[in-house]
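Presented below is the structure to which this report refers.
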Amino acid sequence: MTFDELYDKIKSGDLSKTDAKKHFSLDWMETASRYILDVNRGMRTNIPEIIYGEYKSFDQTIELTSEILKEHPRVVISRSKFNQEIADSFKADYDVIKGENVVLVGELPKQSGHILVVSAGSADHPVTEECEIILKAVGVNPIVFEDRGIAHPTRVIEAIQNGIEKDVKAIIVVAGMEGALAPFVASLVSLPVIGVPTSVGYGFRAKEAALTSMLASCAPNLTVVNIDGGLRAAVVAALIAKNSHA
């Protein structure tokens, strides 16, 4: 349960003052098998629990996910190689959204606010999809436009117009190659723009080119996360949107 969800429950009378205090107490720090789970983190950060699954075994991931779900309505598993197996293990008892880079297990929170996500090409889809799922997990509505690279700049205009009409609070731009889409989008709006450079491109140091280019941009409203860092970009953008509606 995140802080927003706890507040809503207290406000509606579904949770007593005593039970609410318990959510903030050290009693919420518990041991699951040989792993220490900080199940109070979602309360402090207003972000659902995220398990980094890249180097965890299938059994470790299932155990951690199961323990967290005892106290929280949802868990995100990031960068696991067992996405399909994880989805199959929980789909009978929980809602599951499976992407290439991430799995969301559990119910979606109440959605509020909008974030625009624009990608340069179809090769950027796994990271774009990750942004979309994480935004939903944090409780923000994603507006996604894919394959809008500046090889044909007018393709970007529709996405920007749609975002402005929906009153988005920030824009995530996912792009590989030279990463030029990010500063171009930033030049069109009076909004925070978060660039996500992807490891997509040709030739010498191709996997780093978009990062270097975005970091060197003169667009002052553009900030940049690490290569393929869709999860971080989505969390930050979601918090911008949620705090704007607070």
Matching option when the condition is at pLDDT 90 or above and surrounded by 18 or more Cβ atoms within 10 Å (Cβ to Cβ), among 68, 133: 133
Count - residues of the stretch 99-109 that are surrounded by fewer than 17 Cβ atoms within 10 Å (Cβ to Cβ) and either more than 24 Å from residue 168 (Cα to Cα) or under 15 Å from the mean Cα position of the chain (by Cα) (or both): 2
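This table checks each residue for (1) touching a residue at least 40 places away in the same chain (Cβ under 8 Å); (2) out of contact with any helix residue (DSSP H, G or I) (no Cβ under 6 Å at 6 or more places or on another chain); (3) part of a loop (DSSP other than H, G, I, E, B).
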site: 163; (1), (2), (3): yes, yes, no
site: 183; (1), (2), (3): no, yes, no
site: 190; (1), (2), (3): no, yes, yes
site: 196; (1), (2), (3): yes, no, no
site: 212; (1), (2), (3): no, yes, no
site: 219; (1), (2), (3): no, no, yes
site: 234; (1), (2), (3): yes, no, no
site: 240; (1), (2), (3): yes, yes, no
Considering only the stretch 30-64, how many residues are assigned to a strand (DSSP E or B) and either under 15 Å from residue 78 (Cβ atoms) or modelled with pLDDT of 65 or more (or both)? 4
Assess whether residue 227 counts as being part of a loop (DSSP other than H, G, I, E, B), closer than 20 Å to residue 121 by Cα and of a type outside the set (S, T, N, Q). yes
Inspect all residues belonging to the stretch 150-171 and state whether any of them is within 16 Å of residue 232 (Cβ to Cβ), hydrophobic (A, V, I, L, M, F, W, C) and under 18 Å from the mean Cα position of the chain (by Cα). yes
Test result for residue 203, assigned to a loop (DSSP other than H, G, I, E, B) and either crowded, with 22+ Cβ neighbours inside 10 Å or of a type outside the set (S, T, N, Q) (or both): yes
Residue list for the stretch 170-181, filter: outside any strand (DSSP E or B) and either touching a Lys or Arg at 6+ places or on another chain (Cβ under 9 Å) or small (Gly, Ala, Ser) (or both): 170, 176, 179, 180, 181
Filter result for the condition that a residue is modelled with pLDDT under 95 and either β-branched (Val, Ile, Thr) or in contact with a Cys (Cβ under 8 Å, 6 or more places away or on another chain) (or both), over 223, 154: 154
Just to check your reading of the model, which residue among 234, 182 is surrounded by 24 or more Cβ atoms within 10 Å (Cβ to Cβ), out of contact with any Gly (no Cβ under 6 Å at 6 or more places or on another chain) and within 24 Å of residue 122 (Cα to Cα)? 234
Among the residues in the stretch 229-240, are any in contact with a Ser or Thr (Cβ under 8 Å, 6 or more places away or on another chain), aliphatic (A, V, I, L, M) and more than 22 Å from residue 47 (Cβ to Cβ)? no
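The values are calculated or read from the model by the stated rules, or taken from the named source; none is laboratory data. In this text, all values refer to a predicted model and were calculated from it rather than measured experimentally. Note that each Cβ is placed from the backbone with ideal geometry, even for glycine, and that neighbours are counted across all protein chains shown.
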